[in-house]
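To start, the structure under review is shown below, and the notes come after it.
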Amino acid sequence: MKILSFEHAGQATYGVLHGDDCLLPPQAFLSRFPDVRAVLEGAALDELRDAIGQGTVLARAGVRALPVLANPGKLICVGLNYKTHVAETKRADSEYPSLFLRFNDSLAADGDEVLRPAFSERFDWEGELAFVIGKGGRHIAKENAFAHIAGYACFNDISVRDWQRHTHQFTPGKNFPGTAPFGPFLVTRDEVPDVSQLQLETRLNGQVVQKAGLSDLIFDIPTIVAYISRFTPLSPGDVIATGTPGGVGDRREPPLYMQHGDQVEVEITGLGVLRNRIGTDRSAT
């Protein structure tokens, strides 16, 4: 299934993509599982698959997209997880995954205008694969990791580079509101038999700026799940972004950053295209 979150008739809801339509579950199902996180917490993906045939058909063009999952319990990002990105940052290899956290209000949806703060010119793209936990656990073994994943989606870990580098902690530059587009939909794990075979491409105004295979991850998904679940329990609805390949704007010669009016796209095989226009936040200068 391809699961979308969206706003319809002024209400946040969700459904399943079918061609150019969204299949909205029946009200009885929605009353039990009001959002995607509730579906995952209730282990109700199979029930959702059965229920959508009894629901309402909505034209996708007539709804406003929301982040695939707007309220994750945890939103964990892996940094420096492609050799090409490690090389361009001139950092040493790490024995363990480098992790940082994002706040939920930093998420954005497919089609949203993403606002660059007017006081920074160093607004940079980071196309990534994200996965969503469907089955919770602690101390998860690598060989069992995929059984804990509900599905996959495109993610853009847009960074305000000067704020990211105020200190050695990434948090400020990674948490400006609405700077992490997540979508356009969640593809359930059963439709992705081998995630390592997927290809990721990021485009700025139609020009390819990043291109890599998911097989190039330094720490693969089972390793990430096993490592994170050693220090914190993973729960249904947690989101983990797996890192970006080389090609970020900050490490180019000369540097290249996103500007007002630019369009950035992240595409991953079978997971759709995540598109966003860049605007400017002039609320502070």
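The values are calculated or read from the model by the stated rules, or taken from the named source; none is laboratory data. In this text, all values refer to a predicted model and were calculated from it rather than measured experimentally. Glycine gets a Cβ as well: all are built from the backbone with ideal geometry, and neighbour counts include every protein chain shown.
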Next item on the list: Please enumerate the residues belonging to segment 28-46 that are in contact (Cβ under 8 Å) with a residue 60 or more places away in the chain, more than 13 Å from Y14 (Cβ to Cβ) and of a type in the set (D, E, K, R).
Entry: E41
Next item on the list: Tally the residues that are closer than 17 Å to R102 by Cβ and of a type in the set (A, V, I, L, M, F, W, C), restricting the search to segment 147-165.
Entry: 6
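Given the criteria part of a loop (DSSP other than H, G, I, E, B), among the polar types (S, T, N, Q) and within 20 Å of the chain's Cα centre (by Cα), does T244 qualify?
Details: part of a loop (DSSP other than H, G, I, E, B): yes; among the polar types (S, T, N, Q): yes; within 20 Å of the chain's Cα centre (by Cα): yes.
Spelling it out, T244 is indeed part of a loop (DSSP other than H, G, I, E, B), among the polar types (S, T, N, Q) and within 20 Å of the chain's Cα centre (by Cα).
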Next item on the list: Filter segment 247-282 down to residues that are of a type in the set (D, E, K, R), assigned to a loop (DSSP other than H, G, I, E, B) and more than 19 Å from V86 (Cα to Cα), then give me how many there are.
Entry: 2
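If I filter segment 175-232 down to residues being outside any helix (DSSP H, G or I) and out of contact with any strand residue (DSSP E or B) (no Cβ under 9 Å at 6 or more places or on another chain), which single residue comes out as nearest to G243 (Cα to Cα)? Working first, answer last.
Quick first cut of segment 175-232, residues outside any helix (DSSP H, G or I) only: 175-188, 192-194, 198-213, 217-220, 232.
If we keep only those that are out of contact with any strand residue (DSSP E or B) (no Cβ under 9 Å at 6 or more places or on another chain) as well, we get 193-194, 207, 220.
Values: P193: 21, D194: 18, Q207: 21, D220: 10 Å.
The residue in question is D220.
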Note to self: Against the definition (modelled with pLDDT of 95 or more, more than 22 Å from K74 (Cβ to Cβ) and of a type in the set (A, V, I, L, M, F, W, C)), how does I224 come out, yes or no?
What the structure shows: no
Check: Under 6 Å by Cβ, and 6 or more places apart or on different chains, what pairs join a residue from segment 6-27 that is not assigned by TED's automatic domain parsing to the domain that holds R60 with one that is in a strand (DSSP E or B)?
Finding: none
Notebook entry, point to check: What pairs can you find where one residue is in segment 75-103 and closer than 19 Å to G213 by Cβ, the other is surrounded by fewer than 20 Cβ atoms within 10 Å (Cβ to Cβ) and of a type in the set (D, E), and their Cβ atoms are less than 7 Å apart, with a gap of 6+ or different chains?
Noted result: Y82/D216; K83/D216; V86/D93
Check: of a type outside the set (G, A, S), at pLDDT 95 or above, closer than 18 Å to D238 by Cβ and surrounded by fewer than 23 Cβ atoms within 10 Å (Cβ to Cβ) - does that describe any residue in segment 156-166?
Finding: no
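So for segment 13-30 (the condition being of a type in the set (F, W, Y), modelled with pLDDT of 95 or more and surrounded by 16 or more Cβ atoms within 10 Å (Cβ to Cβ)), does at least one residue qualify? Please lay out each step first, then the result.
First, the residues of segment 13-30 that are of a type in the set (F, W, Y): 14, 29.
Then drop every residue that is not modelled with pLDDT of 95 or more, which leaves 14, 29.
Filter again for surrounded by 16 or more Cβ atoms within 10 Å (Cβ to Cβ), leaving 14, 29.
Yes: segment 13-30 contains one or more residues that are of a type in the set (F, W, Y), modelled with pLDDT of 95 or more and surrounded by 16 or more Cβ atoms within 10 Å (Cβ to Cβ).
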Next item on the list: For segment 88-124, enumerate the residues that are out of contact with any strand residue (DSSP E or B) (no Cβ under 8 Å at 6 or more places or on another chain) and surrounded by fewer than 16 Cβ atoms within 10 Å (Cβ to Cβ).
Entry: T89, K90, R91, A92, D93, S94, E95, Y96, D105, F119, E121
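Quick one: in segment 63-87, which of the residues that are among the hydrophobic types (A, V, I, L, M, F, W, C) and not in a loop (DSSP other than H, G, I, E, B) is surrounded by the fewest Cβ atoms within 10 Å (Cβ to Cβ)? Show your work before the answer.
Filtering segment 63-87 for residues among the hydrophobic types (A, V, I, L, M, F, W, C) gives 63, 65-66, 68-70, 75-78, 80, 86-87.
Adding the requirement that they be not in a loop (DSSP other than H, G, I, E, B) leaves 65, 75-78, 86-87.
Values: A65: 21, L75: 23, I76: 21, C77: 24, V78: 25, V86: 19, A87: 12.
Top of the filtered list is A87.
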Checklist line | Of all residues making up segment 125-143, the number that are surrounded by fewer than 24 Cβ atoms within 10 Å (Cβ to Cβ) and outside any strand (DSSP E or B) | finding: 9
Item checked: Hits in segment 144-174 (condition: in contact with a helix residue (DSSP H, G or I) (Cβ under 8 Å, 6 or more places away or on another chain) and in a strand (DSSP E or B)) -> I149, A150, G151, Y152, S159, V160
